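K.L.:
Before we start, here is the structure in question, set down as structure tokens.
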Amino acid sequence: MRDGKRDGRREGKRGGRGAARERAAAEDGTGAVRGAGRAGEEAERFRTADMAGACAYVVRMAWRADRARLTGVLLVQFATATGLAAVVLLLRGALGDVLPSGSSASGSPPAGGERESARPVLAVVALIALASAGGVLRTLSGGWQRVLTLAVDRGIMASVLHGAARAELRSFEDARFHDRLQRAVFASRSQPVMLVTALTGALQAVLSIVAVAVAFAVMSWWLLPFTALCALPVLRTARDERDADYRLHGELAEGRRARQYLEQLLAGRDEAKEVRALDLGRALHRRWSARYGEEIRSTAAMVRLHTRRKAVARLLGDCGLVAVVALLWWMVRLGEMDLPTALAALGALLLLAVRVQMLGFVFTTIGAAALYVKDIRTFTETPAAGPAASPPGTPAPFGSLSARAIDFRYPGSVAPALSGVSVELRAGEVVALVGRNGSGKTTLAKILAGLYRPDHGTLLRDGRRVTDTAELRASSAVLFQDFVRYKLPAVDNIAFGRADTAADMDAVERAAECAGTASLLRSLPHGYGTVLSKEYTDGTDLSLGQWQRLALARTFYRDSPFVILDEPTASLDPQAEADLFDRIRTLFAGRTVLVISHRFSNVRSADRIYVLEEGRVIEQGDHGALMSAGGTYARLFRLQATAYQGTASGERL
């Protein structure tokens, strides 16, 4: 049996690492095999602990979500199990009244003849009443479970989203964090609900088994060990299937992520135009189908193996039941047991067999669901590394914001994104960052906005060291080059600039006017209430330039003392771009503005310009001083100027 189990586990494994371990164990001899066995036992203990932890986690979440319904469901399970035990005992009593207690297999009646009594009728009525009450309770419990699972689903998904919102922006640059987040989001969709349902079924099965076993023990206690032996093969194969599903889940995780990405490429709205322009549909579908085929083949191999094992286990268990039935019959013939007790014991035995098989199925379901819930726990129970949310309310203005010798490196990157960078921003100034692509401009802007924490160096606000980056975020308004286009009403796309307070329509309209998009929004089918996506009823879409104006309006609405504009005119036409930069001091009067731009002509009026290259500040000063210095800024400015005049091709920035 032990060798068969080891062979089955090896057959269930897929992948080079598992095969390599087996070969190494075979070459090392019996000592290596024993070591592998100990490692396997340790891993199994961890898996059992994980399953128990996942179940406890879901129960806690269910208690927090709706303790009244959870209590009701538990009480119904106890009542149903107790009723089942009562049914078995009532059945024995009814059979005892109908059948002569001393009858044997020969069927000869006892002395005294037949005796009419109302007790059998009353017993049948009691059975019907118990069955009816059980049906009503199960109906109530089913409704409660449906609402309870929804409440649990909301609570768990909320914890995942809260954990994602609390994480530092830098975490999203880490592939391991992204993997944990995606697995947690995927798992939270249905697995907790499945686990709640499975746990309820397991509780019902366990309580039923205990109740029937108690009733069975009252009649024939010495048969319980034989009955338990009949259940062992089913429970053992259920455990082995759970372990195999655990291994398969880990082996298929990467392939599933790749398949989901291919599904997004094939079905995503934003990707649709390029997929069709390049005729990628067939190629992507082939890759998707191949990934799915790998999962199907691996799953089919695991299912074949454990289907055979479950079939054998079922036959062994049923053979054991037949042996117990034969023993009961033999004892009746010998007169060691009366026929009513034997028949009631037989009914209890069949009930036990059904409940044990149900428990085996539920056990497998719990094990599979617990694997995914473990992903949720790993993500949500990890202490949040990120700072608290930005405090609500009107941010306090500042006189200066400085960065001193800032170093920053993205997770997994070899070269630093910033190295020894120092900049100074004073109230009311317009400061510009220029440089080639990848020089560190946007990274520096995110640090100044409190979105990244520097690895080394100091941030100073009004000469005071900044220890809580939430303070910087609360006083900053950032317009990114890759701004988000919210598929929500237009008013939300603007009012999200300060979402901690109710939308102020007067402020929304003023922000739209400043951004030059008010007339467009008023002309929409439902004005500012129009949903900006054609994926929704009566929704509409905007051009990229119109979306950029809307994002600019969101920046105005935030009304922060520090404004960061990262390529704010990338999608605007030349006239709109010139108008915005000509009016930037008027539009953002009294605020400190940090501008990132590739077009040097747009930043020539800045109070101070920082030139970045490979994560370092190589030049700084106003336009006149930098041109007089004749350095990198002057060279790139002249290259762009000649390119616009058509006399030379400009260098890509």
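The values are calculated or read from the model by the stated rules, or taken from the named source; none is laboratory data. All values derive from a computational prediction rather than experimental measurement. Backbone-built Cβ (ideal geometry, glycine too); neighbour counts: all protein chains shown. Accessible surface is based on the protein model in full, side chains and every heavy atom, while ligands, DNA and RNA are left aside. Shrake-Rupley method; radii C 1.70, N 1.55, O 1.52, S 1.80 Å.
K.L.:
I need the full set of residues from the stretch 614-631 which are within 23 Å of G438 (Cβ to Cβ), touching a strand residue (DSSP E or B) at 6+ places or on another chain (Cβ under 7 Å) and open to solvent by 30 Å² or more (accessible area, probe 1.4 Å), in order please.
P.N.:
Correct list: R616, V617, I618, E619, Q620.
K.L.:
Let me ask you something else. Name the residue, out of V611, V595, that is crowded, with 22+ Cβ neighbours inside 10 Å and either at pLDDT 95 or above or more than 25 Å from S475 (Cβ to Cβ) (or both). If you could, list the steps in order and put the result at the bottom.
P.N.:
Values: V595 fails: either at pLDDT 95 or above or more than 25 Å from S475 (Cβ to Cβ) (or both).
None of the others qualify; the one that does is V611.
K.L.:
As an exercise: evaluate V324 against (1) surrounded by 11 or more Cβ atoms within 10 Å (Cβ to Cβ); (2) over 26 Å from D179 (Cβ atoms); (3) free of Cβ contacts under 8 Å to residues at least 60 places away in the same chain and give the number of the one condition it does not meet.
P.N.:
(3)
K.L.:
Quick check, is R256 within 30 Å of F78 (Cα to Cα) and either open to solvent by less than 80 Å² (accessible area, probe 1.4 Å) or modelled with pLDDT of 85 or more (or both)? Even if it seems obvious, please write down each step before you answer.
P.N.:
Working: within 30 Å of F78 (Cα to Cα): no; either open to solvent by less than 80 Å² (accessible area, probe 1.4 Å) or modelled with pLDDT of 85 or more (or both): yes.
Against the criterion (within 30 Å of F78 (Cα to Cα) and either open to solvent by less than 80 Å² (accessible area, probe 1.4 Å) or modelled with pLDDT of 85 or more (or both)), R256 does not qualify.
K.L.:
Right, here's the next one. Within the stretch 125-181, take every residue that is among the β-branched types (V, I, T) and either in contact (Cβ under 8 Å) with a residue 60 or more places away in the chain or within 30 Å of G255 (Cβ to Cβ) (or both) and give me the one that is surrounded by the fewest Cβ atoms within 10 Å (Cβ to Cβ). It would help to see each step written out before you state the result.
P.N.:
Applying the first criterion (among the β-branched types (V, I, T)) to the stretch 125-181 yields 125, 128, 136, 139, 147, 149, 152, 156, 160.
Those still in the list that are either in contact (Cβ under 8 Å) with a residue 60 or more places away in the chain or within 30 Å of G255 (Cβ to Cβ) (or both) too: 147, 149, 152, 156, 160.
On the way: V147: 12, T149: 22, V152: 23, I156: 28, V160: 20.
The selected residue is V147.
K.L.:
What's the total number of residues in the stretch 447-456 that are in a helix (DSSP H, G or I) and surrounded by fewer than 19 Cβ atoms within 10 Å (Cβ to Cβ)?
P.N.:
Of all residues in the stretch 447-456, those in a helix (DSSP H, G or I) come to 447-448.
Now restrict to residues that are surrounded by fewer than 19 Cβ atoms within 10 Å (Cβ to Cβ): none.
Selection size over the stretch 447-456: 0.
K.L.:
Here's a follow-up. Tell me the residue from S402, S422, S439 that is modelled with pLDDT of 90 or more, part of a loop (DSSP other than H, G, I, E, B) and surrounded by 14 or more Cβ atoms within 10 Å (Cβ to Cβ), please.
P.N.:
Values: S402 fails: part of a loop (DSSP other than H, G, I, E, B); S422 fails: part of a loop (DSSP other than H, G, I, E, B).
Sole residue among the options that is modelled with pLDDT of 90 or more, part of a loop (DSSP other than H, G, I, E, B) and surrounded by 14 or more Cβ atoms within 10 Å (Cβ to Cβ): S439.
K.L.:
Before we move on, is T237 over 17 Å from the mean Cα position of the chain (by Cα), modelled with pLDDT of 75 or more and polar (S, T, N, Q)?
P.N.:
yes
K.L.:
Six or more apart or on different chains, Cβ atoms under 8 Å: show the pairs whose first residue is in the stretch 448-462 and within 20 Å of A165 (Cα to Cα) and whose second is open to solvent by less than 50 Å² (accessible area, probe 1.4 Å) and among the basic types (K, R).
P.N.:
From residues that are within 20 Å of A165 (Cα to Cα), the pairs are A449/R473; G450/R473; L451/R473; Y452/K446.
K.L.:
Could you tell me how many of the residues in the stretch 283-298 are closer than 30 Å to D482 by Cβ and open to solvent by 50 Å² or more (accessible area, probe 1.4 Å)? Break it down into steps so the answer makes sense when it comes.
P.N.:
The initial filter retains those residues of the stretch 283-298 that are closer than 30 Å to D482 by Cβ, namely 283-285, 287-288, 291.
Okay, now just the ones that are also open to solvent by 50 Å² or more (accessible area, probe 1.4 Å), so 285, 287-288, 291.
Qualifying residue count, the stretch 283-298: 4.
K.L.:
Restricted to the stretch 567-592, and to residues that are open to solvent by 30 Å² or more (accessible area, probe 1.4 Å) and among the charged types (D, E, K, R), which residue is nearest to G450 (Cα to Cα)?
P.N.:
Among those that are open to solvent by 30 Å² or more (accessible area, probe 1.4 Å) and among the charged types (D, E, K, R), it is R591.
K.L.:
Looking at S533, is it surrounded by fewer than 17 Cβ atoms within 10 Å (Cβ to Cβ) and without any contact (Cβ under 8 Å) to a residue 12 or more places away in the chain?
P.N.:
Details: surrounded by fewer than 17 Cβ atoms within 10 Å (Cβ to Cβ): yes; without any contact (Cβ under 8 Å) to a residue 12 or more places away in the chain: no.
Taking the combined requirement at face value, the residue does not satisfy it.
K.L.:
Given D506, D500, which one is over 23 Å from F172 (Cα atoms), open to solvent by 50 Å² or more (accessible area, probe 1.4 Å) and assigned to a helix (DSSP H, G or I)?
P.N.:
Working: D500 fails: assigned to a helix (DSSP H, G or I).
D506 is the lone residue from the list that is over 23 Å from F172 (Cα atoms), open to solvent by 50 Å² or more (accessible area, probe 1.4 Å) and assigned to a helix (DSSP H, G or I).
K.L.:
Do you know which residues across the stretch 446-502 are at pLDDT below 90, of a type in the set (V, I, T) and in contact with a Pro (Cβ under 9 Å, 6 or more places away or on another chain)?
P.N.:
Scanning the stretch 446-502 gives T469, T501.
K.L.:
Going by what's in this entry, would Q481 be described as out of contact with any strand residue (DSSP E or B) (no Cβ under 8 Å at 6 or more places or on another chain) and open to solvent by 50 Å² or more (accessible area, probe 1.4 Å)? Spell out the reasoning first.
P.N.:
Details: out of contact with any strand residue (DSSP E or B) (no Cβ under 8 Å at 6 or more places or on another chain): no; open to solvent by 50 Å² or more (accessible area, probe 1.4 Å): yes.
When the stated conditions are applied, Q481 does not pass them.
K.L.:
Hey, can you tell me all the residues within the stretch 506-530 that are touching a residue at least 12 places away in the same chain (Cβ under 8 Å), over 13 Å from D541 (Cα atoms) and among the aliphatic types (A, V, I, L, M)?
P.N.:
Of everything in the stretch 506-530, those that are touching a residue at least 12 places away in the same chain (Cβ under 8 Å), over 13 Å from D541 (Cα atoms) and among the aliphatic types (A, V, I, L, M) turn out to be A507, V508, A511, A512, A515.
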